[in-house]
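As C-alpha cells, the structure follows; a few thoughts come after it.
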Amino acid sequence: MLMNVGNNHKIYYEIHGINDEEAPTCIVQHGGPGGGLQRSILKLFDLTKWRVILWDQRGCGKSLPYGELKHNTTWYLVQDMERIRIAIGSPKKWFLFGGSWGTTLSLAYASCHGKHVAGMILRGVCLMEPWEQEWLYGANGAARLFPEAWATFASRTSRRQNLTTLYGRRLKSKSTRKAAASKWWGWESAVSTLRPHKDKTPPTKITTLALLENHYFAHNAWLRPGQLIAAARKMRFPVWIVQGRYDVVCPPASAWALSQVLPDLRQLTFTIAGHAATEPETWVGLQHAVEDALMI
C-alpha cells in the first residue's frame, strides 16, 4: 500500500500475518538508511500469531520518489511510522523491530511515542554517536581491521579529509556518483560479516543506499550526541538486544551502553557473528527474542 505523507512523498508498507487488529503487531525498521524492506525477516515470526508491518522508508524501495533526499530526515520517518500505526487500525501498543540503522530509528520513535510501544527487539545497535562514525569512516577504527578494503575506499584521499563529506560531494555529481556509490557500499559490505561473503546487492540499490546513508550520516541523523541514551532511560517497556560480538559496522560498545540504561532490559545476547542478521547465531538469537516477546 502507498500512503501519501506530504511534501511529495508516498510511503509503501505491507501487512503480513494474522488479519486481526487485536493481534500482537510489530513494525520492522530496515537498515541503511536506504536498505528497503526485506520479506525474509518474516521467517522470524509465527504469522499465525503475529501481525507484521514491513515498510520502505522515504526514498527507497517502493516508496516515492525513489532516492529523494528532500524532506527526508529521522524525524520525518518517525512521523511516517506513527501515520502507519494509525492507518492500520491504531493499535494502542505495538512492537518495534530493527537492525543497524533500524535500531536508531526504533529508538527515535520510542523517544517520541513510548506510550504506543509494547516492546523492542534490536539487532546491531547504532546510537549515532560521533565515535561510531569515526570508527567506521575514520582511518583508526575498522580500517585497522580491514586495511585492504580501506585502501580501496580511501583511495585518492588524504588522511586529513573527512570521507563522509568527500563522498557526499562525489555522490552529488552525476559524473562521479556511480563509482562513488560502488566504493561506499563496497567498504560497508566488506566489513559486514564475520566470514567473507559475495555481495549480491543490485547496482541500482547500491546507489540509493550510498546516497541515503551519506545524507543521514553527514547530518548525524539529526540527533544530538547522547540523545538516544538519555531517552532510553525513560523507556518503560521490555527490550531484547541481539548483538554480534564481532560486529565491525556497529561495534558492541553501543549495545552495551544501551543495555546499561534501559529500565526493562529482558536480554542482551552477544553472538559469534558480525553485523548481518542472516549470520546463523544472530538469526537464532532473534528467533528467541521474537518468541519471548510474544509471551509478554
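The values are calculated or read from the model by the stated rules, or taken from the named source; none is laboratory data. Everything numeric in this text was worked out from a predicted model, so none of it was measured. Ideal geometry is used to build each Cβ from the backbone, glycine not excepted, and the neighbour counts take in all protein chains shown.
Structure notes:
- Whichever residue in the range 2-21 is in contact (Cβ under 8 Å) with a residue 40 or more places away in the chain and not in a strand (DSSP E or B) and, among such residues, is farthest from ALA181 (Cα to Cα): GLU21
- Residue check: SER254 meets all listed conditions (1) of a type outside the set (A, V, I, L, M, F, W, C); (2) surrounded by fewer than 17 Cβ atoms within 10 Å (Cβ to Cβ); (3) in a helix (DSSP H, G or I) but one, namely (2).
- Exclusive hit being assigned to a helix (DSSP H, G or I), in contact (Cβ under 8 Å) with a residue 60 or more places away in the chain, surrounded by 16 or more Cβ atoms within 10 Å (Cβ to Cβ) and of a type in the set (Ser, Thr, Tyr), set THR193, THR207: THR207
- Near pairs, Cβ below 7 angstrom, 6+ apart or cross-chain, from the range 265-292 (of a type in the set (Phe, Trp, Tyr)) to any residue that is at pLDDT 95 or above: PHE270/GLN243; PHE270/ARG245; PHE270/PRO252; TRP283/ALA277
- Residues that are in a strand (DSSP E or B) and in contact with a Lys or Arg (Cβ under 9 Å, 6 or more places away or on another chain) were ranked within the range 105-121; the one that is nearest to VAL261 (Cα to Cα) is GLY119.
- The range 34-81, subset assigned to a loop (DSSP other than H, G, I, E, B) and small (Gly, Ala, Ser), residue surrounded by the most Cβ atoms within 10 Å (Cβ to Cβ): GLY34
- Only one entry of VAL242, VAL191 meets the criterion of being in the same structural domain as THR271 (by TED's automatic domain parsing) and touching a helix residue (DSSP H, G or I) at 6+ places or on another chain (Cβ under 8 Å), and that entry is VAL242.
- With a requirement of 1 or more residues that are under 21 Å from ALA276 (Cβ atoms), the helices (runs of 4 or more DSSP H) lying completely within the range 122-187 that satisfy it span 130-137, 147-153.
- Here SER175 clears all of (1) modelled with pLDDT under 95; (2) loosely packed, with under 11 Cβ neighbours inside 10 Å except the condition numbered (1).
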